[in-house]
C-alpha cells in the first residue's frame, strides 16, 4: 500500500510521486489549506492538501488525530523560511493529491502529540496507544537493533543459536519458580526456567562448544524498577576457554554493539575484586561515575564511649564507615532528614553527619550533634583520614557490615545523583573474585551465584574451608547496573558433589534434582563457562532511562500484573478439574465478597 515510510522522505525524493500510510499525528487548517502531519514508526512527514483537489480536501477535512490514512502525492521542498530543523523530514513536504481514510479513531485517553505524563498505570493500561508515541517507538526500534547486532556478532564468532526448553523442572536459582501444573502427570509440575543454566551445560557436554540464545526467563520475585517477572537474557556458553577469554569475548561483544547501535565508546573495563568493591563502595555493582568512596573508621571509633559507634567498631561482623561528600555542606537539614529516611530502607537506624565549615579552626570549625560524643581528638583524626575540606559533609554508617554497605552504598549513589557529581558518561568494569558462598540467616551457607560455579580451590580445600573460598565468577557492571554475569562451571563430578554437600544437598536429593547433570559429568564433560546479559538492562542504559518497563513492549507492573490484558486472571473450573487443581479460598475473604 505504501511506497515509502514517512520518516524516509528527504530532498532526494523531490518531484517523486509517493504513497504514505500512517496515523494523523496532528491536523492544522491554515487559511483554507489543510496540513496533516503523518506519522509511522520511522518518523513524521508534513502533507499539504489544497482545496483545488476537492475529494482529497474533503477527506482531509474530515480526518482527526489518530485516523489511519493512505495519501498519495508529490514530494517538494518546503517554501523558504518554513524549514523545520527539528524534524528529520523538515526540508520537504508532500503535496497530497489522493486521500483514503483506512480507519477512523476515537479520541485516545491521552495525547500522543505534545504528550504529558499521565501516570504509568494509565500508560500501561493503554499500552497500544502509549507505544505509538515516537519516543517509545524509538526505544523498541533500538531494542530490535541491539538484538540484531548481538546475533550478528555471535554468529560471526561461530556461536550456535540453540533453543532450550521453557517447560522444565524447578532448580535452585535463588528466586521462586513459576510453576505449571501437568495435566498428564497428576500432582506434578513443570517450572518456567529462571535461566537455561543446566541445559547450556548439557550442550557443552554434548559437544556444541559455542552456544548462545536470546531467551525468555522467569522469576517470581519482588520487583523493582530494573526487574521484571519475565525478562530476556542474552545467554552464552563456551567450552575450552578460561575466564579471561570468556570475559574478553563478552567485553568485545558489548563494546561492539554499543558502538554499532548507540555510537557509544565504552573505553576500558577495569577489573576490581568483590572485596575491594564492597570496601570502597559498599556494593558489588558500583557506579564509578561517582567519585565518592566509603572509608573505614572503626579503629578510630573503638575507643569512644558512644555505643552507636563503639558497638559495631568492636563487633567482628560490624562495620563503621564514613562517606565524604565534596560540597555537601550546602545540604539543608530537611535534605539530611530525607537521606536519613532513605537509608532506613536498608536497615540503618540513623544517619550521623558532620559538616565541615572551617577546618582550619579544628573541631570548632565543624558542625554536628555527634562531635560531643566522639571528642575533638577522634573527630579531627577522622577529618584527617578523609582529607576533609571546607564545604564537605561526612556521613557515617555504624551497624552490621551488610547494613552499612547497603545503606551507605545506596546513599553514595543517591547523593551523587542529586548533586550531579558524575565525572563521566560511561563507567564499565568487571567484578571478580566473588566468594563461593555467603552465610544464611540460620548460620548455614548458600551459593553466592549458583551451585554450578567452579571454585578456585580443590575439592579438599573447598570442603576444609568453604566460607573463605573464592569462585571463578565475574560480573559486568555499567554505570551501577549489573548488566551481565557468569562463571567458569564445575565440569568434574567430585567437585560438584562437594559443593552439593557443603550446601546440605544430600545424595538422594542430588540424584532426584540433578541426577542428569551428575550423569553427564561422568562422560567426558569439557571445561566450560559462560555468562548471561540482561537484554532489557542493556537497552535501558542505551535509552538513558532508569525504568525497565520503558524498554519492554508489554511489561508487567511492580505487582507482576499486566494492566493491558488484566493478567493474571481466573481460570475456568473445567480447566482446573483437568489439572486436578482446586482453589482453596480464605473463608474471611469469601464472606467479604
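Details
- Beta bridges assigned by DSSP with both partners in the chain are antiparallel in approximately 95 percent of cases.
- Taking each DSSP H run with n ≥ 4 as -39500 (n - 2.57) and averaging over every residue of the chain yields -9500 deg cm²/dmol at 222 nm.
- For the range 290-423, the fraction of C-alpha pairs more than 22 angstrom apart is 31%.
- Whole-percent P(r), the range 459-498, all Cα pairs, 5 Å bins from 0: 6, 19, 20, 20, 13, 11, 8, 3.
- Label positions at residue 12 and residue 439, each projected 7 Å from the Cα along the C-beta direction, are separated by 6.6 nm.
- DSSP beta bridges fully contained in the range 6-103 are about 95 percent antiparallel.
- Listed from fewest to most Cβ neighbours within 10 Å, the set 80, 439 follows the order 80, 439.
- Tail weight of P(r) past 17 Å, computed on alpha-carbon pairs of the range 6-103, percent: 42 percent
- Gyration tensor verdict on the range 13-171 (Cα atoms; rounded if a/c is under 1.5, prolate if a/b is larger than b/c, oblate otherwise): prolate
- Net lengthening on full extension, residue 137/residue 338 (0.36 nm per residue, minus Cα-Cα): 68.7 nm
- Counting other Cβ atoms within 10 Å as a rough exposure proxy, the listed residues 13, 185 run 185, 13 from fewest neighbours to most.
- Helix 401-418 and the longest principal axis of the Cα set of the chain meet at an angle near 40°.
- Counting other Cβ atoms within 10 Å as a rough exposure proxy, the listed residues 295, 394 run 295, 394 from fewest neighbours to most.
- With Cα atoms, 0 to 90° folded angle of helix 134-156 axis to the chain main axis: 60 degrees
- Computed from Cα atoms, the angle from the helix 333-344 axis to the main principal axis of the chain rounds to 70 degrees.
- Size descriptors for the chain: radius of gyration and Dmax over Cα atoms are 29.8, 92 Å.
- Rg/Rh for the range 390-529 stands at 1.10; both radii use Cα atoms, and Rh follows the Kirkwood definition.
All of the numbers you see were taken from the coordinates with simple rules; none came from a lab. Note that the coordinates shown come from a computational prediction; the quantities given were computed from them, not determined experimentally. Virtual Cβ from ideal backbone geometry, glycine too; neighbours counted across all protein chains shown.
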